[in-house]
Each structure stands twice: as structure tokens, then as C-alpha cells.
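The values are calculated or read from the model by the stated rules, or taken from the named source; none is laboratory data. Everything quoted here is computed from the prediction, not taken from an experiment. With ideal geometry, Cβ positions are generated from the backbone for all residues, glycine too; neighbour counts draw on all protein chains shown.
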Amino acid sequence: MHRNDNVIRCAAGSAGPKLDAAEPAGVRMRSMEQGTVAMKQSEVSTIDSQALRYALGRFASGITVISGMVDNMPTGFTCQSFYSVSLNPPLVSFCVMKTSKSWPGIRLSRRFTVNVLAEEQQAVSDAFAKSGSEKGKHVDWATDQGGKAVIAKTLMWLDCSLHSEHELGDHFMIIGKVEEMSPVDWDRQRNPLIYFRGQYRQLLGDNA
Ligand SMILES: Cc1cc2nc3c(=O)[nH]c(=O)nc-3n(C[C@H](O)[C@H](O)[C@H](O)COP(=O)(O)O)c2cc1C
């Protein structure tokens, strides 16, 4: 293992960091196939990603679909990492994997919709948890919402402009400014779809 001010270099596939003194500091140098990667020392962690994923699975949440219009077609992806940031100004956020196929197109439009799924919408969540250009075809869209990519029969929706985007690890953190939201008479009498420990869950008892 070789350390300097900024980087530790690791051999791809090895159990741990390996000495490689030939490269300049602070530069992400070669692909995994070529044998080495460089990381800033501050980004190196002993936390195992799978163990972290398992631990984070203990955090129960609702499920959203982040949707948008790409080439005049609605598309999107299932997203658990949604949260509110600020009421005034009205800001919300979520994180999207850098490998997302749908986000680059939605980003271009600088507009997206957060659709909060109801407990009957597990199939919608499953449909948008896959990559592919056809997935929007298997979902009921609310056609009376002025061309926005609003999914029908959700708990609520927020239509947002893209406020800012931040590159963090293997995700982008997106901040959206809420420009419009579901009307008060939008279908509220449903329970949320919940995700906990890798499975869909439902609230027990009366609905909201
Ligand atoms: C319950 C659940 C929650 C998810 N949450 C996120 C998330 O917060 N961010 C993300 O980027 N992907 C999340 N995903 C994975 C994406 O939905 C999945 O990778 C999808 O295929 C992405 O589609 P795309 O490549 O067309 O963008 C989640 C999947 C499921 C089933």
C-alpha cells in the first residue's frame, strides 16, 4: 500500500490497497481492466458496501417514481431516497445512481415529477425499477395534467424544476424546486406503499 497526501491506489480485484508509486497524486488514472484505480484518501472506507446496504434496509420509507418527459414520452425510475429539504423556498431532493439510464434524458428537460406510490401500486414500482425505454407503457398516466409525467392513482405528486445537481460517490444528489403539486382533491384516501428490509410492506389498520 502506498499513501501520499491525496490518494491510495488499489489493484483491481485485490483484497486491499497495493503499492503503485508510478502515478501522479490525485488523478483517477486507469480503468479497472488496466489494473489500478485511485481514490482520494478521504473517500477510502473500510465499510463493506453490501453490509451497508443491509443495514440501510432497516430504514423504512415510502416509494416514489421520479418521472419526466423524454422525447415526448413519459419515463422514470423507482426511487426510495426522496426527502423534503425546505418549505420556503419549496425544495425536495433524491439521489440517483450514476448508472441510471432514464435520468440523463429527464435532466435535459430540467423538469421532473415526484410520484408518491400508494400501496396498490407495487406493480408500478416494479415496472420502474427496471431499465428500458418501454417501461412507461405499462403504467396509467394522468392525461389531464398538462403534459406532465404524472402517474395516476398515487398518494400525491410534486412537479419540480431542476434546482441543482451534486456528484457524490456513485450517485448524483438532485435538488428540485417544487413548481406545482397535486390538487387537494387528488386521491388522498389511500395508504402508502412502504419498503423495509428489501420487501414491500403495508400499513396495518385504517387508511389515512
Ligand atoms: C424500492 C426501490 C427503491 C429504489 N431507490 C432508488 C433510488 O433512490 N435511487 C436510484 O438511483 N435507484 C433506486 N432504485 C433502483 C432503480 O429504480 C433501478 O436501478 C432502475 O432500473 C433505474 O432505471 P433507469 O436505469 O431506467 O433509470 C430503487 C429500486 C427499488 C426497487
request  = Tell me which residues, restricted to region 91-143, are part of a helix (DSSP H, G or I) and more than 13 Å from the ligand (Cβ to nearest atom).
outcome  = Leu108, Ser109, Glu119, Glu120, Lys137, His138
ask   = Based on what the data block shows, is Lys153 surrounded by 12 or more Cβ atoms within 10 Å (Cβ to Cβ) and either without any contact (Cβ under 8 Å) to a residue 40 or more places away in the chain or among the aromatic types (Phe, Trp, Tyr) (or both)?
value = yes
message = Just to be sure before I move on: is Ser49 within 16 Å of the ligand (Cβ to nearest atom) and either at pLDDT below 85 or loosely packed, with under 12 Cβ neighbours inside 10 Å (or both) in the structure I sent?
response = yes
task = Examine region 77-92 for a residue that is among the small types (Gly, Ala, Ser) and either touching a Phe, Trp or Tyr at 6+ places or on another chain (Cβ under 6 Å) or not assigned by TED's automatic domain parsing to the domain that holds Lys148 (or both), and state whether such a residue exists.
result = yes
message = I'd like to check something: does region 93-102 contain any residue that is within 18 Å of Met181 (Cα to Cα) and at pLDDT 95 or above?
response = yes
task = Scan region 79-90 for residues that are in a loop (DSSP other than H, G, I, E, B) and either without any contact (Cβ under 8 Å) to a residue 60 or more places away in the chain or within 16 Å of the ligand (Cβ to nearest atom) (or both) and jot them down.
result = Gln80, Ser81, Phe82, Leu87, Asn88
